[in-house]
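Q: Mind having a look at this structure? Questions to follow.
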Amino acid sequence: MSEIFFFNEGCEFPDFFSKERVTQWLQLVAEDYALKLGSISFIFCDDEYILDVNRKYLNHDYYTDVITFDYREGKILSGDVFISLDTVQSNALEFGTTYEEELHRVIVHSVLHLIGFKDKSDEDAKEMRSNENHCLELLKTL
């Protein structure tokens with residue numbers, strides 16, 4: 001049984017954000033990759049909160065838009081996902097997209113990591129972007 005949770009730490013959920021729509025979308029994404037959703041917690045936070053998580057758990061001393069902790073078991077996707085809404089907003093401006101589209105891209109980016117996609121090499125990053133675009137198209141069907 002899938003359980004998608006949404007929490008906020010030091011920030012508010014964006015006005016456009018729909019927990020129900022995102023949950024339906026992620027169900028479609030999992031099915032599209034022949035997987036199932038397990039328990040995934042999305043923690044929306046500010047830059048300082050994600051920096052603390054990055055320092056405490058990954059020994060990284062920098063800001064980032066998303067940190068994904070993968071607890072997948074077989075074909076069941078599970079994990080904890082921390083998303084800095086501050087960085088998502090600034091990235092949207094930098095990349096010339098909307099805050100909503102950038103947030104959806106970051107959400108699905110984290111789920112694609114749970115699926116097994118990487119993004120460290122140029123080739124992997126290109127494949128990740130292609131999969132992000134595919135999944136964003138799935139969102140448009142809802």
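The values are calculated or read from the model by the stated rules, or taken from the named source; none is laboratory data. These numbers were taken from a predicted model, which means no experiment stands behind them. Because the Cβ atoms are built from the backbone with ideal geometry, glycine has one as well, and the counts that use them run over all protein chains shown. Calculation scope for accessible area: heavy atoms of the full protein, side chains included, ligands and nucleic acids excluded. Shrake-Rupley method; radii C 1.70, N 1.55, O 1.52, S 1.80 Å.
Q: Quick check for me: using +1 on Lys/Arg Cβ and -1 on Asp/Glu Cβ, what's the dipole size of the chain about its Cα centre, in debye to the nearest 20?
A: 540 debye
Q: How many percent of the accessible area of region 1-121 is carbon or sulfur, using a 1.4 Å probe?
A: C and S atoms contribute 48 percent here.
Q: Ok, one more. Sequence gap of 8 or more, or different chains, plus Cα separation below 22 Å: how many lysine pairs satisfy both in the chain?
A: Close lysine pairs found across the chain: 9.
Q: List the DSSP H helices in the chain whose Cα atoms stretch 18 Å or more along the helix axis and whose mean Kyte-Doolittle hydropathy is at least -0.5.
A: Within the chain the helices that satisfy the rule are 99-115.
Q: Let me ask something else. Suppose all protein chains stay in the model; what accessible area per residue would a 1.4 Å probe give for the chain, in Å²?
A: 56 Å²
Q: Among [x] -0.97, -1.39; [y] -0.86, -1.25; [z] -0.95, -1.19, which is the computed log10 I(q)/I(0) by the Debye sum over Cα atoms at q = 0.17, 0.20 Å⁻¹?
A: Given [x] -0.97, -1.39; [y] -0.86, -1.25; [z] -0.95, -1.19, the calculated one carries the label [x].
Q: Suppose every K and R has +1 on its Cβ and every D and E has -1 on its Cβ; what is the size of the dipole of region 79-142 about the Cα centre, in Debye to the nearest 20?
A: Computed about the Cα centre, the dipole is about 140 debye.
Q: Would you mind calculating the relative contact order of the chain from Cα pairs under 8 angstrom and at least 6 residues apart, reporting the percent as a whole number?
A: After rounding, I find 22 percent.
Q: Ok, one more. Among the DSSP beta bridges whose two residues both lie in region 4-114, what percent are antiparallel, rounded to the nearest 5?
A: In region 4-114, approximately 30 percent of DSSP beta bridges are antiparallel ones.
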